Structure formats: C-alpha cells, structure tokens
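The values are calculated or read from the model by the stated rules, or taken from the named source; none is laboratory data. The structure presented is a predicted model; accordingly, all values stated were derived computationally and were not measured. Ideal geometry is used to build each Cβ from the backbone, glycine not excepted, and the neighbour counts take in all protein chains shown. Protein only, heavy atoms only, side chains kept; ligands, DNA and RNA dropped before computing areas. Shrake-Rupley method; radii C 1.70, N 1.55, O 1.52, S 1.80 Å.
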Amino acid sequence: MLHLLGIRCSQPAVSIDNCFLEELGIDSSADWIRDKIGIEERRTSLPLEYIKQTKNEDPKLAPEHAIVTATALGVSAAKEALRMSGLDPDQIGLVLCNCCNPTSLTPTEAQKITAQLGCKQATAYDVLTACPSFALLVDYADSFKNEFLPDYVLCVSSATLSQKVNYNDRSDSAIWGDGAAAWVMSRKECGRLRVLDTFFAADPTRSQAVVTDTFGHFYQDGRAVRDFSVRQTVRLIKRIEEKFDIDWNRDIFIGHQANRTMLEQITRNRKIPESNHWHNVTFLGNQAGAGAPAVLAQHWDQVESGQKIVVAVLGAGLSWGSILFEAS
C-alpha cells in the first residue's frame, strides 16, 4: 500500500488583492470578484508594477520579469517535503513532476528540480496534466508493481499561470495564483496517511475547453468548464461514498481550488460541513495542480487518526481524478 510521508507547499511573496485588480480599470470591482468567485487575494511571480504598466499584454515577456520561477517554487516545496519525511535527496528513487507552464521541454521540470535537489539516484520525468495533477501523480505511482516502484517517490506540482494571464480580462485576472506543492510517497515505509483508493480519467475530445498556450495567454470556456467542474466533482465524491464508509461529520473534503463559490456548490450538494471542507483558494487563488496538495500541506497538523480525506480534482484535458487517504 502506498503511504504519504510528508507534503509541503511554496508560494511567491507578492500578493494581488481585489482592490489592485479594481484599480487596473478593467470593468471589475472588489465586490464583483468576491461575490462571483469568492477570492480575496492570489499570489503572483510577477512584480505588481509590471502588471500595472503592461497588463501582461505580451506573455512571452513575462518570464524575463518574473521574480521567481515555477522550478524554484517546486524546489522550495520539495526541500521541505524531504525534510518533513526525514529523507536525504539520495534516498529518492523517482521524481515525478507536473508543471502547467514549463520554460523548457528539455530539460524537463523533473530533471531541473532533481538536479537542484541533488537526488543523484533518482529517475526523473514529467507526467503532465493541469489542475488534477495531485490525483494523476498519485494514481500513476500507485499503478507500479511493487518490484518496479522505488522505495521513495517525490512528486512535485508547480504553476506560475499568472504569467499567462491577460490582465485586461476581468475573469481570468481574478482567478489565477502561482504556487507549488511537493510530497513524498513510499510502499516501504508507513506514513501518516495511507492511500486507500486512486482514480484518474480524461476526455481528450474536450481538450480545447482549457488552453495554456506556449506563446499566448491562458484561455478557457469559463461557463462550460465551471458547469463541468461542479458536476464531475460531485460524481467523484459519490464514487468514493459508494465504495467506502464516509462520514462527513468526521472526514474531510479537499476539492480543486478553482474558486470559492464553485466549492460551496459542491459541498452543499454533498452536505459537507464547512468545518470539514479544507480549502485555500480564498487567499491564494487557483494554483492549478498545486492548489489541492497545498491545502493538505497547510492542514497537515489537523489530520486526526482514523480520519479519511477525500480529494477530488479536475481541469484541463478535460481530465479528472480522486484520491482517498486514511490517517493512521
């Protein structure tokens, strides 16, 4: 059985609040953002003055002005995850990475992060999706037969999608935040959380609904994606409820951190109390694949013995997946 030994996250220091977006003069307001998507702040890898002056109209220039890279955020989260797990970099046998907007195809993000960490014994490669990367990377690792899975696996999900945002667009500019999360898994060593169930699926015929263009701005069919997200997340939760004994007075739900109002629709549907709904989107924005694992990292000290944690995530692809953890 796969175990989670440690998980940490990292975000840029620069924060974009709703008043800043209102001051950009893009037909938006702090109240509209709060009511529509329930986000108050989001982190960015770009200087605020750069956003104010250019509104990131040419996203090809954004990496030159960035304060921090997706790679650096991933390395920072990974170092802390290793420290939490009590492991040296040389003990890691496999590094799996997902990055929504890598700056190069070769070397891959996994190779760059592994080199900077000094994981000299590790095989490293990218396993790509977008927002559902937490489920994809866990499901992928869990698919290995015991003899082929190294003793310790490091997973990293990072995104700096604010560098792809057109800050003339009031919807996209209000959603995205940058961040990274990293976690260590093992079948050799028992950890605080064990993986009871994993699932991942995709519908490539709908791949154009969400696009992160290499040279252009992020684009999505917002209304269609939101409707899909709510319905599919509910289905993912029901799938787990039908297979396992889930008690929402005790157990925890973590969803894709797309926006706060969408998450509220989902929790109302499944009658999940607010106290058992862990989230960070309100003050960190949508960090793509880093959002859900960052939530778990930030609530790690609140995990109680015997508690189950239901993770349901989805996004570009279109793709979706879930993880069921149980605390030891």
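Dividing the mean sequence gap of close Cα pairs (under 8 Å, 6+ apart) by how many residues the chain holds gives a relative contact order of 26 percent. The P(r) of the stretch 199-328 has a tail past 19 Å containing 48 percent of all C-alpha pairs. Probing with 1.4 Å while keeping every protein chain in the model, the per residue accessible area of the chain equals 41 Å². The Cα center of the stretch 31-74 and the Cα center of the stretch 171-198 differ in position by 23 Å. One equal scatterer on each Cα of the stretch 1-76, no solvent, Debye formula: the resulting log10 I(q)/I(0) at q = 0.15, 0.18, 0.19, 0.26 Å⁻¹ is -0.65, -0.84, -0.90, -1.22.
Heavy atoms only, 1.4 Å probe, whole protein assembly: order T106, T198 by accessible area, highest first.
T106, T198
Net charge in the neighbourhood of Y152 (other residues with Cβ under 11 Å of its Cβ; Lys, Arg +1, Asp, Glu -1) is -2. Would you work out what percent of the accessible area of the chain, with all protein chains in place, is carbon or sulfur (probe 1.4 Å)? The computed percentage sits at 47. Rolled with a 1.4 Å probe across the full set of protein chains, the surface gives T108 an accessible area near 30 Å². In terms of its C-alpha gyration tensor, the stretch 127-285 comes out oblate, because a/c is 1.5 or above while a/b does not outweigh b/c.
For the peptides 244-250, 280-286, what is the packing order when you average, over each peptide's residues, the other Cβ atoms within 10 Å and list the highest mean first?
Details: 244-250: 12.4, 280-286: 23.3.
Packing proxy ranking, top to bottom: 280-286, 244-250.
Exposure check, 1.4 Å probe, all protein chains in place: S305 carries approximately 100 Å² of accessible surface.
Charged neighbours of R170, selected by a Cβ distance under 10 Å, balance to -3 (K, R count +1; D, E count -1).
Relative to its residue count, the chain spans a Cα convex hull of 121 Å³ per residue. Placing +1 on each Lys and Arg Cβ and -1 on each Asp and Glu Cβ, with no other charges, gives the stretch 169-328 a dipole about its Cα centre of roughly 320 debye.
Straight-line reach from K55: taking Cα to Cα under 25 Å and skipping same-chain neighbours fewer than 8 places apart, the lysines in range are K36, K164.
If Lys and Arg each add +1 and Asp and Glu each add -1, what is the summed charge of the other residues whose beta carbon sits under 12 Å from the beta carbon of H217?
Overall, the nearby charge balance is -2.
A 1.4 Å probe over all protein chains sorts D88, D139 by accessible area into D88, D139, starting with the largest. For the stretch 135-149, putting each phi into the Karplus relation 6.51 cos²θ - 1.76 cosθ + 1.60 with θ = phi - 60° gives couplings of 5, 4, 5, 5, 4, 5, 4, 5, 6, 5, 5, 3, 6, 9, 8 Hz, in residue order, rounded to whole numbers and with x for Gly and Pro. Accessible surface comparison of K112, K145, probe 1.4 Å, protein chains only, largest first: the order is K145, K112.
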